[in-house]
Amino acid sequence: MTVVAVYAGNDEAAKEFTDRTGIETRKWDVGDHQACIDGCAEITESVGPIDVLVNNAGITRDGTMQRMTFDDWNEVMRVNLGGCFNMAKAIYPGMRERGWGRIVNIGSINGQAGQYGQVNYAAAKSGIHGFTKALAQEGARTGVTVNAIAPGYIDTDMVAAVPEEVLEKIVAKIPVGRLGQADEIARGVRFLCSEDAGFVTGSTMSINGGQHMY
């Protein structure tokens, strides 16, 4: 299988990733509908049909409702939720025509349980879970499965930016007593993208150390 990763801004990190893994990267904004259509068409032409899509783009613009601006709201919805639509719109017709496809959307524990100061992020991630269930019904009879993963708090750069005293309180609420690892999410994605998951569609896999049982 040939993997292509899409990124939005950090050229240096993308180069390091390609040098380390050998995986090709392409740069565009998944919140830009036409950029997704054009970018996926270019990948199809140069690499081949896209059979698996993992929608993993996510940004935060946190703040209480009192402080949140419309731009804070709109940008998170545009990228986090709009990106799922834009990328799926670009590749779904081809999957249907070929009679096989896997779409995995990365939601969040905060889309299931909500989170103070994240009405935009929680709404977008909750929307991803609904998007997943609806598109799964469309794709089921054509061999296209659509599932979501709802990670809990994972040891990533985004979580590392949380103040230490706040992070300690978060970890204290996780029954397994630690943050998750990116590899643990990746293993869930790999399963949902495999032939073994052919009877799994419209589901949300919660990988959160027991923090929220949904």
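The values are calculated or read from the model by the stated rules, or taken from the named source; none is laboratory data. Treat the numbers as computed from the prediction; the structure is a model and nothing was measured. Virtual Cβ from ideal backbone geometry, glycine too; neighbours counted across all protein chains shown.
With respect to Gly31, determine if the residue is over 16 Å from the mean Cα position of the chain (by Cα) and either at pLDDT 95 or above or under 24 Å from Arg190 (Cβ atoms) (or both). If you could, list the steps in order and put the result at the bottom.
Numbers: over 16 Å from the mean Cα position of the chain (by Cα): no; either at pLDDT 95 or above or under 24 Å from Arg190 (Cβ atoms) (or both): yes.
Judged against the criteria, Gly31 is not a match.
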Restricting to segment 182-211, name every residue that is free of Cβ contacts under 8 Å to residues at least 24 places away in the same chain and of a type in the set (A, V, I, L, M, F, W, C). Ala186, Phe191, Phe199
If you scan segment 76-134, which residues turn out to be under 25 Å from Trp28 (Cα atoms) and of a type in the set (Phe, Trp, Tyr)? Phe85, Tyr92, Tyr121, Phe131
Please determine, by comparing only the residues of segment 4-17 that are hydrophobic (A, V, I, L, M, F, W, C) and in a helix (DSSP H, G or I), which one is surrounded by the fewest Cβ atoms within 10 Å (Cβ to Cβ). Ala13
Subset of segment 88-124 [closer than 24 Å to Asp51 by Cβ, without any contact (Cβ under 8 Å) to a residue 60 or more places away in the chain and not charged (D, E, K, R)]: Ala88, Ala90, Ile91, Tyr92, Pro93, Gly94, Met95, Gly99, Trp100, Gly101, Ile103, Asn105
Is it the case that some residue within segment 168-185 is within 26 Å of Asn86 (Cα to Cα), in contact with a Ser or Thr (Cβ under 6 Å, 6 or more places away or on another chain) and surrounded by 15 or more Cβ atoms within 10 Å (Cβ to Cβ)? no
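Which one of these is under 14 Å from the mean Cα position of the chain (by Cα), modelled with pLDDT of 95 or more and of a type outside the set (Asp, Glu): Ser126, Ser194? Talk me through it step by step, then tell me what you get.
Details: Ser194 fails: under 14 Å from the mean Cα position of the chain (by Cα).
None of the other options fit; the residue is Ser126.
For segment 49-167, please list each of the strands (runs of 3 or more DSSP E) lying entirely inside it that holds at least 1 residues being surrounded by 15 or more Cβ atoms within 10 Å (Cβ to Cβ) and touching a Cys at 6+ places or on another chain (Cβ under 8 Å).
Working: elements: 52-55, 101-106, 144-151.
By residue number, 52-55, 101-106.
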Return the residues of segment 18-48 that are crowded, with 16+ Cβ neighbours inside 10 Å and part of a helix (DSSP H, G or I); say none if nothing qualifies. His33, Ala35, Cys36, Gly39, Cys40, Ile43
